[in-house]
Amino acid sequence: MQVQNPGKSANRRIPPHKTVLASMQTFVSPPSTGGSPSHPESDPNPRHAPLPTTPAVVDVAIMSTAEEIFDEGLRDFRARLSGREYADFQDTTLSNLKRKMDEIQRQQELNKSTMNMRRIERFLEGMNQISQVVEVFLNASEIVCFIWGPIKFLLVSATAHMDTFDSLLDAYKELGMVLPQLDQYSDMFGQYPEMKKLLAEIYCEILNFHRKAMRFFNSKGLTKTFRAMWKNFAFEFRDTLRSIRCCRDALVQQFAICSTIDGRQSQTQIRINVEECLSINRELRKKFAIDEETRKNNEMIKVQEWIGASNFTKEHHQKFREQRAEFEDTECKDTGRWIVDPKKGKYVEDWIKDRSTDHSILWMNGKKGAGKSFLASIIIDECMKEEDAITSYFYCHERDPNQNTSLAVFRGLLSQLAQSCPDLAPCLFSKRAAATMTITSMEAKGLLELMLERRQYIIIDGVDECEQVERKQIIQFFAERTAKSQAQGDSKMRVMFVSQSLMDIRKVLQSPGINPRIVDLRPDDRCIDGDISRFVDLRMKEMQKKFRNLTPAEVTRIKKSCKTGDAHEGMFLFAHLVTHNLLQQPTIADLLRETDETFPSSLSQAYARIMERMKRELEKRHEILWHKAVQLLSWMACAKRPMKWYEMQAVMSLSGTKINYRLFSLREDATTLCGSLIHTLKGGRLEFIHSTARDYLLEPDNEYFHSLDVEIELTNYSLEYLTYDCFAKNVNETAREEYANAGQYSLQDYAVSKWMHHLEALMHAMKSGCSPSLEQQERFTGALNKFTSMYKEGLQRKEFKTQEQKDKQDQNEAEAIRDCAPFESHRFYKDLLLVWKHVLVHEGASWDIRNKVNIPDLLDILKKNRKTLQKLWGEGEGEREKQREKSRSRTYREEAEESQLEEYYGNKFFKCDRVTCDHFWEGFEKETELKSHTNRHDRPFHCVVENCSLSRFGFPSSKDCDRHIRTYHPDHPDAGPSPFPQLNRRKVGEAKFGCKHCDKSFTRHINLKSHVLSHFGEKPFSCGTCGKCFTRINDCRRHEKIHTRRVR
């Protein structure tokens, strides 16, 4: 049978041995950079591409019937539907759909918001033709209903907002343009069954589009995130269009083959071509999926860099998991589990299961050392078991500025939520691109509000470790969100605070509108007492295993001792400390001596016993070891940020005018010396086992060291170190490399950023009446004199341009004179006054100035030193890769040098130059990571358009800047190629879109739509920060910039 195909291609003879492979290669659309979902297809029957001569390798898995392809696609689609959606779709026909469309059209006419719904006609016609073929040749009416049902659902869902409805109609228009027109050759499907596979593939693609679209239009807060989300949806939509276009063109080509080849030969050729088409189409789909996953991962990496959350919280939670894992096969395996038990921990269990709708906030409080954080980790993991909810958490840390502020909490939670809500990643990425710097508190709050609309649990441990003003902001923010959620009849958000029972926290939580459920961890709680008893029994078994000759009476005596004092008061930490201390005793005699009448009854006494044991054990080995352990603990207690082990080794090795590792570095690690009181975290970071350990060591009556002595010691070390020969201005590159290889710069990050803080602490102590010894004063005088002599030029009075800056400088210098007045009789007075003036002027300057190294010469030296270190480690990521490839041919000396560098400096040599930034001392492993991070600070790429309001803020990358110019200044010469297809501009006189309600007319229909909205007061565009609504999207964008400026 001859079939006449429309278009010129119908008369063109196609050799029977040709396949569709080449044409398939042309179907991959280039990536779109604009906001349009795809490139419009204007010709429903494009010219056929030449068919190749090379046969394709067909995937055997594709060799299935059309019925199987239909069934597989439909089964997958139905599996993702709710029961209600499934029932609605089953009853939907084309007639039902058209009636609903008429209703929508009439409603829009009443609201004066009529849309051009004719855009969907071509799609409906194409799907109707497909449905007729399916009903005739497959006798499957169920397949048809799942065509019309989703369309009806999406149209109804999108009508709430004009922007979403308009975009959906545009999407259907583009789908209609690529669907095949089957009315001319529908009979061919009976004669050539293989052709139905292509039809089935198109049907599955439509189902896939509807599945993704339904998820998209059902997402929470769509009105706030639509633009960013639709742009992301466009990437997947473009692949759907490509796949349908491939199958459509393959259909047209096979019909052409039918008209030129005999029946049997054409059957064989069509079968080969169809299977080849499906095979290549699926390979392209796999490739797209990989590319899409890569794109999303890269966006998420950039979002996480922008959020800038610390890894401390995840590491801390993992530590608690490991502690619980140690109890797994013991009688303590259920330690703390009572907190989520339906009977014993009823309030918590009700909170998790949403039974307590009036109490969305839970406050668990108890004294220090009661095991609150351990219990919080159990609650966190229990919440994570709730499949339909998101769990995010945060552990505050009082001495870490990245763990004890409201912004740090918001960042930490936002980072986790970004990972848990990948569908909102496009919105975060869009916000990041428009941000002016690293994320601010206002931006973090706005994004949290968006993400808190889902069912989720938020647990914040250690709120009391933040400053009072910071914890008030944290509690109020989440309390307001939960109150708002409850007022709307939706209690999906559950928030838990864990802290000590402080009056200011209780006052905030008892404010009007906040109704928290309070869980008091009381000392007499049987559950806590039971946990402590089982823990002591477990440790007792370990003691009996170590000390095999203990008598029953001695065992009873030890158990009784361990369960008295603060252990009886619910202090789990106390039980841990005393039992661990007993286990470390070398003999039974020492063990029994520890459990005598003076057995510790408080945390302070427990720490004192640990220090006594450490002293005995270390002095037995050598007296100097105890001295070194005390030094290590004192420096940790007084350090202005957590120090790393290699930095501690550098302080230990300071000698004369250099760091002498060979003679003075410790051959024992930190945990060997002070293992009962400290632990080493990832990256060599040293931390106390609990904040109470540091509190004990800093008590005024501490017999081991005095904080004033440590402060003046660290101040001297910092000042002296920065005057070592390796910091001289005249050091050449060869000498600098020698210094670097010898580890001379391993303390520079700490000393450069913290010398002022130690000087401030020393000044505060001395003004409070503490007086250094004459020997300490002499050393301080020498260190200060060397420092001022070396950096005198950078410490001199700066000349400011504005009168306001000059007045501020005068005020700071007058304050410095008052502060230094008590030391006027000391030899160091003149140098101290010079340095202290510099410190106060620096601290009174703007944030940008305070965030930089405050002495120009020192900054220049630091940059050179870091550049040398980077060079030695391997210049850039590419160079490091080459070094790894050459690792087999390296000499022993080269390998030893790299290992030595890592011992002196760690493995992160690319560091930020902002002294208040974590990465000033943490750093990055790759130069590309540092560059991306620095750009978030600097935003070095500026708009070149004169008078642009964003030019002074800049952009983090040239790509972001180019995108801004193309979007907001398309007529500028530097705008480059537009991401949208070039359209012929209409003349101004052709304003053919007239308003029905006034005499205005417009050249573009989109402008008319925006104008019509102004007649009826409809405001579909809302601010993502405050929720204020606008008629025009540009007005909304302009308003959103106000929030960004206010943050500054």
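The values are calculated or read from the model by the stated rules, or taken from the named source; none is laboratory data. All figures in this text were calculated on a predicted structure; none of them were measured in a lab. Glycine also receives a Cβ, built like all others from the backbone with ideal geometry; neighbour counts cover every protein chain displayed. The accessibility values were calculated without ligands, DNA or RNA, using every heavy atom of the protein model including side chains. Shrake-Rupley method; radii C 1.70, N 1.55, O 1.52, S 1.80 Å.
Extension gain, Lys98-Ala814: 0.36 nm per intervening residue step, less the Cα-Cα distance, totals 249.6 nm.
In plain terms, the chain from Lys1028 to Phe327 could stretch by 247.0 nm, reckoned as 0.36 nm per residue minus the Cα-Cα distance.
Label-to-label distance for Asp291 and Glu668 is 6.1 nm, based on points extended 7 Å past Cα in the beta-carbon direction.
Only one residue of Thr715, Ala742, Leu698 has its Cα farthest out toward the positive end of the dipole of the range 660-746, where Lys and Arg carry +1 and Asp and Glu -1 on Cβ, and that residue is Ala742. Per-residue SASA remark: Met503, around 140 Å² accessible (1.4 Å probe; ligands, DNA and RNA not included). Rolled with a 1.4 Å probe across the full set of protein chains, the surface gives His842 an accessible area near 20 Å². Cross-link reach is defined here as a Cα-Cα straight distance under 13 Å, omitting same-chain residues fewer than 8 places apart; for Lys992 none of the aspartates and glutamates meet it. Using R0 = 22 Å, the C-beta based FRET efficiency linking Ser441 and Gln510 works out to 0.30. Among Lys830, Lys864, Lys152, the sequence by solvent-accessible area, most first, with a 1.4 Å probe is Lys830, Lys864, Lys152. When the residues His622, His937, His317 are ordered by accessible surface, computed with a 1.4 Å probe over the protein chains alone, the sequence from largest down reads His622, His937, His317. You can think of it this way: the chain between Arg337 and Asn298 has 10.1 nm of extra reach, that is 0.36 nm per residue less the Cα-Cα gap.
Taking the accessible area of the range 722-771, probe 1.4 Å, and keeping the other protein chains in place, the carbon and sulfur fraction comes to 46%.
Annotation: amide H of Gln456 within the under-5 Å range of Ile390, Met493, Arg494, sequence separation 5 or more or interchain, hydrogens built in the peptide plane. Work out the FRET efficiency for Thr781 and Lys545 from their Cβ-Cβ distance, taking R0 = 45 Å, and round it to the nearest 0.05. After rounding to 0.05, the efficiency reads 0.20.
Seen from Ala425, the other residues with C-beta closer than 13 Å to its C-beta sum to a net charge of +2, counting Lys and Arg as +1 and Asp and Glu as -1. In terms of distances greater than 21 angstrom between alpha carbons, the cross-link table entries Lys296/Lys431; Lys296/Lys385; Lys112/Lys1000; Lys445/Lys852; Lys729/Lys863; Lys658/Lys837 yield Lys296/Lys385; Lys445/Lys852; Lys658/Lys837. Figure note: Asp423, Asp91, Asp831 ranked by solvent-accessible area, largest first, 1.4 Å probe, ligands and nucleic acids not counted: Asp91, Asp423, Asp831. Computed from label points 7 Å out along Cα-Cβ, the spacing between Ile624 and Arg522 is 5.6 nm. With a threshold of 30 Å on the Cα-Cα distance, the over-threshold entries among Lys333/Lys546; Lys367/Lys628; Lys173/Lys196; Lys343/Lys545 are Lys367/Lys628; Lys343/Lys545. Heavy-atom accessible area for Glu443, with the other protein chains in place and a 1.4 Å probe, reaches approximately 40 Å².
With the simple model of a label 7 Å out from the Cα in the direction of the Cβ, Lys559 to Asn111 spans 7.3 nm.
Each other residue within a Cβ distance under 12 Å of Lys837 adds +1 if Lys or Arg and -1 if Asp or Glu, for a net charge of -2.
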